[in-house]
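Take a look at the structure below.
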Amino acid sequence: MINSLTLFVTYIKNFKVLNQVRCASQVLPQFSSEKYKVKRKPFGTIEASDVDYFKTVLSEDRVLTDDNDVLPFNIDWIKNCRGQSKLVLKPKTTQEVSTILKYCNQKRLAVCPQGGNTGLVGGSVPVFDEIVLSFMLMNKIISFDEISGALICEAGCILENLDNYVRERNLIMPLDLGAKGSCHIGGNISTNAGGLRLLRYGNLHGSVLGVEAVKADGTVIDCLKSLKKDNTGYHLKHLFIGSEGTLGLVTKVAIHCPALPKAVSVGFFGVEKFEDILRLYANAKSSLGEILSAFEMADNDSISSTAKNLKLPNPISDYPFYVLLETHGSDEAHDSEKLTRFLEKEMESGLILDGTVTSDPAKMQTIWNLRENIAAAGLVEGYMFKYDVSLPLRNYYSLVPLLRQRLGAKASRVYGYGHVGDGNIHINVIVPKYSPEASSMLEPYIFEEVAKLKGSISAEHGVGFRKPQFIHYSKDANALQLMQQLKQLMDPNGILNPYKVLPEI
Ligand code: FAD
Ligand code: MLT
Ligand code: ZN
């Protein structure tokens, strides 16, 4: 297998360069309000006296008003959205968050909470002049119980830092994703992030033990218990998991960390057709059982463009589809033997055309790099329309050929990849340049197709700013009405992350 630590180092450099290029680019995205024709709601506008007030609550260096300082907080990772905020606040404590919100609520000043700003649906950046409340300085670990695995920390802790911390103590974070080096645990919870190992460790509704959150009026809701069982009344923590900063701001988190697996192996396989991936998935579940920790797929376009754009090595040659399979177990010899036997058997059956199995950390990283960087690799090619849908497995890949046919030469590339184990496919459509025509060929068409197949228009990235007008494809009218009522109850002035998640009534 082609691989070396040097290649990994090159990748890290590439990734950093890519990020720098992205941030330093002079081509700024169009304002979201113009691009998507949104009308500003009648919120208050920020006066000099408001800024002075915030400087009494926070130290001056934690109140940003300079255009250059504020700009990165106005643009999302994928560069689809751009807000016009003039003010970023960086609280360090729950009390500061509470004081800020109480003031904003009284003055009807809208607020956009922001974690690592890696969200992919425009939820993390303002649309107009909402105040950005950044959690970047709320990054302390509060306590860790190595026996129960309960970690309590502030919302602005970076996922990778938390993972490194608990790994040193023989546990891991229950979620992992390509954005781990930047995303915050508070952002993960607010989006109900899924990630690469949901198949094994479940979703955040299961692993989050408790949260502390601040309501729009500044009231602190303390549900920060780190108990596995607590049936005292309504399970309020779930309201904050996945509500994308529209019901309250998550300030602290209690989360359960599973044991560090003693043995990890990764297989990377070339496959002829999508139907074979489904058969492989069924066989992997039965052959590998409890040690299966990830079952990811990517089509040829996903892998070849990532390898080419980011100069990453592909350890096997060109195939129509790829499967990345991972095991987390306790016996390296036993697990890698099990995986090798699986590879041999499925090569014999013809489902796997070629493949490699490894337990070497650097080689496993090389394979994961290819998968985790598919999103980043697309950014260098043009404008990216990004979809994140759940579909019944038999229809998992069906929208990719459909969209290729529909867009024809208008798209430079249409490709699909994702978390097969979760029925979640990501479909990226690259066009040379954004145009409303390309947009109208895709939307609402793709959401109509998802609804016909009884899927969900958002599997893990959320609704954010980009999809409220399409949420009815996945939620019925009564469910939406209850959501509106909850919003009205918890944030009657609508100051928390306006223009996001819920459609206009
Ligand atoms: P942000 O992007 O800053 O915010 C996301 C949303 O949460 C916004 O609506 C924001 O207002 C709100 N928010 C943030 N912090 C708080 C808070 N403390 N309280 C209240 N609201 C808050 N997602 C997946 O599910 N699975 C993946 O595998 C995955 N991989 C990714 C890979 C890459 C390369 C990238 C760029 C993104 C990926 N994402 C994935 C999308 C994204 O949801 C996650 O990166 C992450 O959960 C967002 O965290 P964040 O801290 O960056 O939040
Ligand atoms: C992933 O699975 O890689 C992420 O959800 C990001 C993406 O959609 O590319
Ligand atoms: Zn994903």
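Since every read-out is calculated from the coordinates, none of them should be taken as a lab result. In this text, all values refer to a predicted model and were calculated from it rather than measured experimentally. For neighbour counting, all protein chains shown are included, and Cβ atoms are generated from backbone atoms with ideal geometry for every residue, glycine included.
Structural remarks
- Calculated [θ] (222 nm, deg cm²/dmol) that DSSP helices of n ≥ 4 give over the chain, each run adding -39,500 (n - 2.57): -10500 deg cm²/dmol
- By the beta-carbon count within 10 Å of each Cβ, the least crowded to most crowded order of THR306, THR45, THR358, fewest first, is THR45, THR358, THR306.
- Rounded to the nearest whole Hz, the Karplus-based 3J(HN,Hα) values (6.51 cos²θ - 1.76 cosθ + 1.60, θ = phi - 60°) of region 274-289 follow the sequence 4, 4, 5, 5, 5, 5, 4, 4, 4, 5, 5, 4, 7, 7, 9, x, with x at glycine and proline.
- Filter on LYS35/LYS55; LYS41/LYS107; LYS229/LYS252; LYS90/LYS252; LYS225/LYS454 - keep pairs with C-alpha separation over 25 Å: LYS35/LYS55; LYS225/LYS454
- Eligible lysines near LYS311 by straight Cα distance, threshold 27 Å, same-chain separation 8 or greater: LYS13, LYS16, LYS79, LYS180, LYS273, LYS363, LYS386, LYS410, LYS433
- Percent of Cα-Cα distances greater than 22 Å, calculated over region 125-262: 32 percent
- Net charge dipole size for region 382-462 [Lys, Arg +1 and Asp, Glu -1 on Cβ; Debye, nearest 20]: 280 debye
- Neighbour-count ranking [beta-carbon atoms within 10 angstrom, fewest first] of SER474, SER286: SER286, SER474
- Note on the chain: dipole from Cβ charges, positive end direction compared against LEU343, GLY329, ALA155; the farthest Cα belongs to ALA155.
- For the chain, a crude dipole built from +1 on the beta carbon of Lys and Arg and -1 on the beta carbon of Asp and Glu, taken about the Cα centre, is about 940 debye to the nearest 20.
- When the alpha carbon coordinates of region 263-374 are projected onto the principal axes, the ranges are 37, 30, 18 Å, largest first.
- Each Lys and Arg contributes +1 and each Asp and Glu -1, all at the Cβ; summed about the Cα centre of region 263-374, the dipole is approximately 200 debye.
- Net charge of the neighbourhood of LEU312, taken over other residues with C-beta under 11 Å away and scored Lys/Arg +1, Asp/Glu -1, is +2.
- In the chain, the convex hull through the Cα atoms has an average projected area of 22.7 nm², a quarter of its surface area.
- For PHE447, PHE128, order by how many other beta-carbon atoms lie within 10 Å, fewest first: PHE128, PHE447
- Whole-number D in µm² s⁻¹ for region 373-505, Kirkwood Cα-pair radius fed into Stokes-Einstein, 10 °C, 1.306 mPa s: 100 µm²/s
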